[in-house]
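Taking it in order: structure first as structure tokens, then the write-up.
Read-outs: derived from the displayed coordinates by stated rules, not from any lab. This is a predicted model, so every value here is computed, not measured. Here the Cβ positions follow ideal geometry from the backbone for every residue, glycine too, while neighbour counts run over all protein chains shown.
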Amino acid sequence: MLQRIGFQILQHGRMLPAVLSQTSAALRRFSAVPQPVEDAETGSVPIIRKKGISLRGVPLYLDMQATTPMDPRVIDAMLPYMTEQFGNPHSRTHLYGWESEEAVEDARAKIARLIGADPKEIIFTSGATESNNTAIKGVATYLKDKKKHIVTTQTEHKCVLDSCRWLQQRGWDVTYLPVQPDGLLDLNVLEAAIRPDTALVSVMAVNNEIGVIQPLKEIGAICRSKGVYFHTDAAQAVGKIPLDVNAAKVDLLSLSGHKIYGPKGVGALYVRRRPRVRLEPLMSGGGQERGLRSGTVPTPLVVGLGAACEVTQREMEGDLRHVRRLEERLRTGITSQLQGVVLNGPADPAHRYPGNVNLSFACVEGESLIMGLKEIAVSSGSACTSASLEPSYVLRALGVEEELAHTSIRYGLGRFTTDEEVDRAIVMTVTHVNKLREMSPLWEMVQDGVDLKSIQWAQH
């Protein structure tokens, strides 16, 4: 008790001015519109220099598929478990452990409610990458004496594709299904690919690069009828579109905290109990999380994930309306002022999450466009592969030409994105694309009606 009182005095006494000062500075910096802070002595605007780039102030943030800012309500929920309620949730002999365990189980129940699951079916992990690895490798390892085949798509997240390649190196057959030009999976192709020795089908719910929403219910029905486990990477779907694991007959589902305004470093794996899904754990240890994921559960992170799920379940409809309105504003604002703009992914809004707007700009050099948009935090593809100069493998799987794939920009919209930020992004995109096209002889040829595909380029 004395220790807890000491924490409270420290928190509300000596620490308070410092905390308030840091919070004020953080809030000032957490602004999507560049707002340089003037130097108190000289009145000048400081220049931020990072990675060889000079910025006047902070860029506006439109990269919500890479990560999201933490919701203040999530931070409030986490703070007590980072200070006075610091117990190990697996300590069963004193109050500190009991409090933490109660908080962990409360978070587990909130996550389960969001996806229509039972709390006992939720396994905490470090994020969607670990969840995907556990689901794919765990099922395959458990069934290795009975099954030898996995089905997935060419547009999955890299951790799914790499997990499948890992299995291939150990003797498994993997079928990588193509997708249609809009990114949707052909259900007839999927059904034909399933074999008697197929252990698992893994299909991403919402693609992280183009936002295409796969028909989970139809996929789940096919898998259930064939007696095959169905896993979905739902990191980009949970909390953004309605999901029900029972209605969709999903057997395993991966989710991540930092994609839904929660903390980084925490996620969960849904593992169905009826009919029961069996899998081998990737890590050995104390046998936590029903023996499927050993290691001390990080109470503050788990509480944050639970709070994020609770908030997003309550506000999902409002968030979706907000993002849908901003998407139309951004897309029409750009396409009404620029020619040669292609929306990557499905044009039908029923099959695309509106917070993901992936556009390609004809006759514009991709790296120059990204560098020119340095005052906007956007991506040229997945954050996990954006360091590569190769065109997006997702766009190439859609049949997008290499030149257009190189010029793709992904704008990510979310709960805290404002109209002013979208308008600023429109102005900067239009301005810089026009500037680059003025220097492009190819764009001049297109304007003159020349079909670039018909030209036979001479080689030197």
key: Antiparallel bridges, percent of DSSP beta bridges restricted to segment 223-279 (to nearest 5)   = 60
inquiry  = Compute, for segment 53-139, the length of the dipole vector about the Cα centre, with Cβ point charges of +1 (Lys, Arg) and -1 (Asp, Glu) only. Units Debye, rounded to 20.
reply    = 280
query = Exactly which trypsin sites (Lys or Arg not before Pro) in segment 271-364 are in a DSSP loop and have at most 12 other Cβ atoms within 10 Å?
reply = 273, 276, 278
query = In this model, which of 374/435; 148/226; 146/226; 264/374 are farther than 22 Å apart at the alpha-carbon?
reply = 264/374
note = Summed over the other residues with a beta carbon less than 11 angstrom from that of residue 274, with K and R at +1 and D and E at -1, the charge totals +1
ask   = Under a point spin-label approximation (7 Å from Cα along Cα-to-Cβ), what is the residue 278-residue 92 distance to one decimal in nm?
value = 2.6
remark   = The size of the Cβ-based charge dipole (Lys, Arg +1; Asp, Glu -1) of segment 301-372 about the Cα centre, to the nearest 20 debye, is 200
remark   = 1/(1 + (r/R0)^6) with r = Cβ-Cβ of residue 79 and residue 350, R0 = 51 Å, i.e. FRET efficiency to nearest 0.05, evaluates to 0.80
ask   = Considering only segment 48-187, what is the antiparallel percent among its DSSP beta bridges, to the nearest 5?
value = 40
Segment 155-187-segment 277-342 distance, computed between alpha-carbon centres (Å) = 22
ask   = Among 181, 288, 239, whose Cα sits farthest toward the positive end of the charge dipole of segment 165-300 (+1 at Cβ of Lys/Arg, -1 at Cβ of Asp/Glu, about the Cα centre)?
value = 288
request  = Would you mind computing, in nm to one decimal, how far apart the modelled labels at residue 195 and residue 246 are, each placed 7 Å from Cα along Cα→Cβ?
outcome  = 3.5
task = Report the trypsin sites (Lys or Arg not before Pro) located in segment 146-251 that are in a DSSP loop and have at most 14 other Cβ atoms inside 10 Å of their Cβ, or state none.
result = 146, 170
